[in-house]
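Right, one structure below, let's go through it.
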């Protein structure tokens, strides 16, 4: 175990040094929060594309296959695949609009188009709240990793490790802003891809009898998963989830911050070419989940199956690579999300403050976000895939406003506020009220209600 921890800790230190290296951002708030106009193809790609694959994907995707036989995998892969063409159409337009108004965050676009402080405050509050589940899922993934290493008899050690993880994420975020997070993201992507390839390769070799696992498992019969029976409600859920999450995925504030960081629109276009290659990771994660289920790998929770399989098949030094990739997947996502939220709050709530105060307010926001996400991880008991759907429920309510900016719809800020409040309220009621929607995703229904409220209000004024 000491070898595993030593290897993982070494990579964590390297990531921190990468984040702190490079030229200082000085007192330029736009560069600190969004690295505006600094990134070439590599740094843009690891932020806008690579950060899609967080610890929620690394652990949640195989966990969902392990738990339900692959139902969640259908919409999980589907919405990311649909996001490719949507992003290819939207991102160049968003980059040009951002260049016109000097945008560094998503809320800068709304301020340029609508210039309504009430809308700015609502957006800042909504983004902060809906990103809490995303941060929570990162800490839950870290908790799974630390529990696997320390065992159930070391809760204080796990708590200390989680607190240290939050501190490391803060240092990555606070040191050089988005530029530092991007440099750490390069190492994160290399380690995550290597970890997935190593564990999936070991699972294939063990399944073929070329590798002897360290665990004593009993092979399950061929029908390892309970049958997935197609149904109208199941198909409706998959289709509506793909539609709403693919659209919301493309307007995520960290992704837009990455778009605004690109030096040229061609950087954005060329980056999208590489985006589908990341999909190769999903079959490999599926192999790990199937092997773990077939061979009865002991996992306390379904989301633990990736790490449990790695621990059963890999030597300690290779497990160190896997643990490092898992932890960095969380650290970098937490850092980039908190930096973006810090920029949203500082530039929306305290717009008239001087730049130095903006950065201070941003750092306070980063600390608050990491603290609340950690508290959420210690109190929540959800599958990572469930937290993913809660994140998109809130984020999707911004979609009508972004479309209004891109396509210059004749709606006012008041129309958007009505739509966002109505859509979010109805989405929460549908999500937690136990209503029978015949399979329709509550977030999809909430966006439809949001659009209807916006169009109705705008139509009344234009008569």
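Things worth noting here:
- Residues that are over 23 Å from residue 338 (Cα atoms) and at pLDDT 80 or above number at least 3 in the following helices (runs of 4 or more DSSP H) confined to the range 1-70: 2-20, 55-68.
- Each residue in the range 100-142 was checked for being within 30 Å of residue 299 (Cα to Cα) and surrounded by fewer than 23 Cβ atoms within 10 Å (Cβ to Cβ), and 2 of them qualify.
- The range 258-271, residues that are touching a residue at least 40 places away in the same chain (Cβ under 8 Å) and surrounded by fewer than 19 Cβ atoms within 10 Å (Cβ to Cβ): 263, 265, 269, 270
Conditions (1) surrounded by fewer than 18 Cβ atoms within 10 Å (Cβ to Cβ); (2) at pLDDT below 90, marked per residue:
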| residue | (1), (2) |
| --- | --- |
| 392 | no, yes |
| 412 | yes, yes |
| 431 | no, yes |
| 438 | yes, yes |
| 446 | no, no |
| 449 | no, no |
| 457 | no, yes |
| 461 | yes, yes |
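- Evaluated against (1) touching a helix residue (DSSP H, G or I) at 6+ places or on another chain (Cβ under 9 Å); (2) surrounded by fewer than 16 Cβ atoms within 10 Å (Cβ to Cβ); (3) in a helix (DSSP H, G or I), residue 202 falls short on exactly one condition, (2).
- Scanning the range 49-74 for residues that are in contact with a helix residue (DSSP H, G or I) (Cβ under 6 Å, 6 or more places away or on another chain), under 22 Å from residue 237 (Cα atoms) and crowded, with 24+ Cβ neighbours inside 10 Å yields 56, 60, 61, 62, 63, 64, 65, 66.
- Among the residues making up the range 275-292, those that are touching a helix residue (DSSP H, G or I) at 6+ places or on another chain (Cβ under 8 Å) and at pLDDT below 85 are 275, 276, 278, 279.
The values are calculated or read from the model by the stated rules, or taken from the named source; none is laboratory data. Keep in mind that what you see is a predicted model, and the values were worked out from it rather than measured. Cβ coordinates were reconstructed from backbone atoms using ideal geometry, including for glycine residues, and neighbour counts include every protein chain displayed.
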